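Chemist: Here it is, the structure in full.
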């Protein structure tokens, strides 16, 4: 039996050694190649997409005679519009952006590039629609995302945020920058508050006879810790920092939506769309689909999306190191202020 385990262990060791050698081989080969551009800007005409969808339904529902009559009627209307000079002036554009949030607001990197590309061609009469789905996360990451959105306001473009599911905490920090916020009736809105939470393993380590040492220069370089014994003074310092962050959060919301009664909405609670409308957190109850269907009549609508392509090396190494990265991120996130 011992021989079996020895052979099995040797086999596993060989497999692991082979994988490590392969990883290094891929890394060396990839580093020698010319680096390709891993991002690509994709622009989709949503008016054309909507027309194709409409035509598909027509062909499924109508017979040839009905389709011919409908096309004739539309052609006649188009000629009348041309004669009345309705179409002389081109329609303004609507640029549609999407942001799906996570704790680190990871999409902020592509968002900043999409905004840069869009601002390079936008005119004052154009509108920007951001479809936002974000339940919040780390303060500085979502603060950067909100700052990127301020670039749209600074360019004096009409800016609308649409919330179908959730824009809470850091998500609402982003949403409040807009000139107008529209939300679905059951979308989750608000949660203007700050929280920091982390486990403490000090007693467990004590029982196991494990000492934990932490050395800093500066009294409050680190306050509460996961492994050391925390003092009341350190806890109070953390609470003070959280309150300061909350004050900054409230100030940012107030600056962008001055009519809000902050005392009512900055308690950390969240509300559904209809309640959020009554409180002034949003301006209109409507899904992004409803908003876009109306927009097709008034604008040329284009979706702007920066697509990120992973190289072979990134895909290969990414799978290998993802578990280590997740553990590292969790330990890091647990010790930083968040705006959930």
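Chemist: Could you list, in sequence order, all residues of segment 117-172 that are at pLDDT below 95 and assigned to a strand (DSSP E or B)?
Modeler: Those that are at pLDDT below 95 and assigned to a strand (DSSP E or B): 137, 138.
Chemist: Examine segment 200-209 for a residue that is assigned to a loop (DSSP other than H, G, I, E, B), outside the structural domain of residue 99 (by TED's automatic domain parsing), more than 30 Å from residue 272 (Cβ to Cβ) and in contact with a helix residue (DSSP H, G or I) (Cβ under 6 Å, 6 or more places away or on another chain), and state whether such a residue exists.
Modeler: no
Chemist: For residue 94, state whether it is crowded, with 21+ Cβ neighbours inside 10 Å, assigned to a helix (DSSP H, G or I), over 10 Å from the mean Cα position of the chain (by Cα) and in the same structural domain as residue 298 (by TED's automatic domain parsing).
Modeler: On the way: crowded, with 21+ Cβ neighbours inside 10 Å: yes; assigned to a helix (DSSP H, G or I): no; over 10 Å from the mean Cα position of the chain (by Cα): yes; in the same structural domain as residue 298 (by TED's automatic domain parsing): yes.
So residue 94 fails the test.
Chemist: Tell me, please, whether a residue that is outside the structural domain of residue 296 (by TED's automatic domain parsing), exposed (fewer than 11 other Cβ atoms within 10 Å of the Cβ), modelled with pLDDT under 75 and not in a loop (DSSP other than H, G, I, E, B) can be found in segment 30-47.
Modeler: Yes, segment 30-47 has at least one match.
Chemist: Report whether or not residue 186 is surrounded by fewer than 21 Cβ atoms within 10 Å (Cβ to Cβ), in a loop (DSSP other than H, G, I, E, B) and assigned by TED's automatic domain parsing to the domain that holds residue 139.
Modeler: The answer is yes for residue 186.
Chemist: Quick one: which of 231, 266 is under 24 Å from the mean Cα position of the chain (by Cα) and either surrounded by 11 or more Cβ atoms within 10 Å (Cβ to Cβ) or in contact (Cβ under 8 Å) with a residue 60 or more places away in the chain (or both)?
Modeler: 266
The values are calculated or read from the model by the stated rules, or taken from the named source; none is laboratory data. Fair warning: this is a prediction, and the values are worked out from it, not measured in the lab. All Cβ positions, even for glycine, are placed from backbone atoms using ideal geometry, and neighbour counts span all protein chains on display.
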